[in-house]
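Every number in this text was worked out from the coordinates using simple rules, so none of it is lab data. All of these numbers come straight from a predicted model, not from anything done at the bench. Neighbour counts are summed over all protein chains in view; Cβ atoms, including those assigned to glycine, are modelled from backbone coordinates with ideal geometry.
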Amino acid sequence: MTKCLRRDTLSGLTLVEVLVALMVFAVIGVAAFAMLDQTLRSDRIATARLERLGEVQRVMQIMAIDTVQAVPGTLQLQPDGISFLRRGRMLGGVEGLVVAYRLAEGSLWREIGPASAAPVRQVVTTGVAGIVWRFHAAGLDWQAAVPGPEVDGVEMVLTLAAGETLRRVFVLPQDVFDPVLE
Amino acid sequence: MRRRDRGVVLVTILVVMALCVTVIVAMTTRSEQATRATGRDLDAAQAQALMAAGEDSALSALAQDLLTGPLADGPGEPWTRVAQEEASVSLGTFTLEIWDEAARFNLNDLTESTPAARQVLGDIVAAAALPPEVAARIAAALAGGRMLLQIGDLGPLAGLSAEEIAALQPFVTCDPVSERPINVNTASEPVLAAILRNPVLTKRLVDRRAVDLITPDVLKEMAVILPSGLVLRSDFYGLHVVATVGQARVEAVALIHRWTDTYGKPHAVIAARRLGAA
């Protein structure tokens, strides 16, 4: 009896023991792999979303930098976007840069440069399905056309290819007028 | 276990642990990078919010001044107290300078090429200890009707050196409004003298404003009638704001325009803004 329970130190494991151990390890391995795969997939999705969010924030930041420096009375609505003159200089030229934002080939393009030279063109974001521009002036409601030099705000409604819609309002410096003549 | 297989378990565990550590380090690094990037965005947003707050405080003070002291504008009034030397705030540092644009001669008056404006410029150039041809070069550059957006453009447009521009800067400005009158209460003595062309009256006004603000009543008491081009108040102000939060730094120079509408309501708005150093 005592002999039956004692295992020889040189003998291996039984086939059943090996199979059970393999099964246990297989179950643990599959579970661990599934968890890791799920974590990595979530991380990839979150990173992609964060990168997209960061890109859209950068677009808004660039547009805010341009619009806060806009020269009043220079904003124009173009067939594919908007253009205006803003403060700042490039290429050692004099103050004043022409800036345009245009929608082309599913991307939002920014053009910037002195009036006397060809502008620098850059894609600020891709995956844009459409943009709607509206304009504001004191005492008037939002309009589809630039109301004149007294325009004090621009609204951009950006529709992304994924279907999301983003709305942002940019406040412009206001034209100096003579209150006596108003 | 046979003698030659001993240690296999330890090696296997070490390999598995190494893999786990690699995955954890990679994920932690990415997480830290994302946190840092978000922190930078947050700092930039907060610096911009500080700058906007500085602008709003100046706009509010200047609009309020139209109600409390509409007849004269000068040192000691509440709007001057929004100025802030570099100070630490809970987020970072903040600096705000505010000045009366009507204290300086507007170079854009030269776009209409009037003899009076050219004469004033000549006197100011002399006061800045610059040769007379500097005035001629500036007048020639602006005579074509080109509106100057920044004093620094006198370099490429009129061929002025950086030193010449720096010498002129305390006396001139370039506002997008022509023939804006000069404020007696804030103009420097050379600018006042160039407009008045009357050394005795200039001295009297400078001596008097050192004591208190020159109001219409004070003028009456002095028995002085101001010539055209001089006023006691201003509707244009310059603003320089610097806000720093963490690594983010925002600096802006703005022109403020204010007015009272037909219902008596005061308004103050940003008429021009340029990001970057003054």
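Structure above, values below:
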quantity	calculated
Given charges at beta-carbon only (K, R positive; D, E negative), |dipole| of segment B:132-194 in Debye	160 debye
Rel. contact order, % - alpha carbon contacts under 8 angstrom, at least six apart, segment B:66-106	27 percent
Relative contact order of chain B, defined on C-alpha pairs under 8 angstrom at six or more residues apart (%)	25 percent
Largest-first ellipsoid semi-axes for the protein assembly as shown, taking √(5λ) over the Cα gyration tensor eigenvalues, angstrom	68, 25, 21
Overall dimensions of segment B:20-118 by Cα: Rg and Dmax, Å	23.7, 83
Compactness of segment B:145-278 - radius of gyration and Dmax, Cα, Å	17.9, 57
Helix-only mean residue ellipticity at 222 nm for the protein assembly as shown, each DSSP H run of n ≥ 4 adding -39500 (n - 2.57), per residue, nearest 500	-13500 deg cm²/dmol
Surface/4 estimate of mean projected area, convex hull on alpha-carbon atoms of segment A:1-159, nm²	19.9 nm²
Net charge dipole size for chain B [Lys, Arg +1 and Asp, Glu -1 on Cβ; Debye, nearest 20]	1480 debye
Length gained when the stretch B:Thr68-B:Asp56 is fully extended (0.36 nm per residue, less Cα-Cα span)	2.5 nm
Virtual spin-label span in nm between A:Arg58 and B:Ser31, 7 Å along Cα→Cβ	2.5 nm
Listed residues B:Thr80, B:Thr35, B:Thr186, most fluctuating in chain B (Gaussian network, C-alpha, under 10 Å)	B:Thr35
Net charge contributed by nearby residues that have their C-beta within less than 15 Å of A:Glu95 (K/R +1, D/E -1)	+3
Förster radius 56 Å - calculated FRET efficiency between B:Val200 and A:Glu164, Cβ distance, rounded to 0.05	0.20
Computed lengthening from A:Val157 to A:Val16, 0.36 nm per intervening residue step minus Cα-Cα distance	44.0 nm
Spin-label model distance (nm) - A:Ala138 vs B:Glu77, 7 Å beyond Cα toward Cβ	1.8 nm
Relative contact order (percent, whole number), segment A:25-164, Cα cutoff 8 Å, 6+ residue spacing	15 percent
Cα extents of segment B:87-134 along the three principal axes, largest first (Å)	53, 24, 14
Extension gain, B:Val9 back to B:Asp41 (0.36 nm per residue minus Cα-Cα distance, nm)	6.7 nm
Positive minus negative residues near B:Asp207 (Lys, Arg vs Asp, Glu; Cβ under 15 Å)	+1
On Cα atoms only, tilt of B:199-211 relative to the major axis of chain B in degrees	50 degrees
Stokes-Einstein D in µm²/s, Kirkwood radius over Cα pairs - segment B:127-183 at 10 °C with 1.306 mPa s viscosity	133 µm²/s
Value of D in µm² per second that Stokes-Einstein yields for segment B:168-239, Kirkwood Rh from Cα pairs, at 25 °C (0.890 mPa s)	190 µm²/s
Helix A:15-68 axis, angle to chain A major axis (alpha carbon atoms, nearest 10°)	10 degrees
Environment charge at A:Val157 (Cβ cut-off 12 Å; Lys +1, Arg +1, Asp -1, Glu -1)	+1
Cα-centre dipole for segment B:200-278 with unit charges at Cβ (Lys and Arg positive, Asp and Glu negative), debye to 20	160 debye
B:Thr22 versus B:Leu91: modelled label distance in nm, points set 7 Å from Cα along the beta carbon direction	4.4 nm
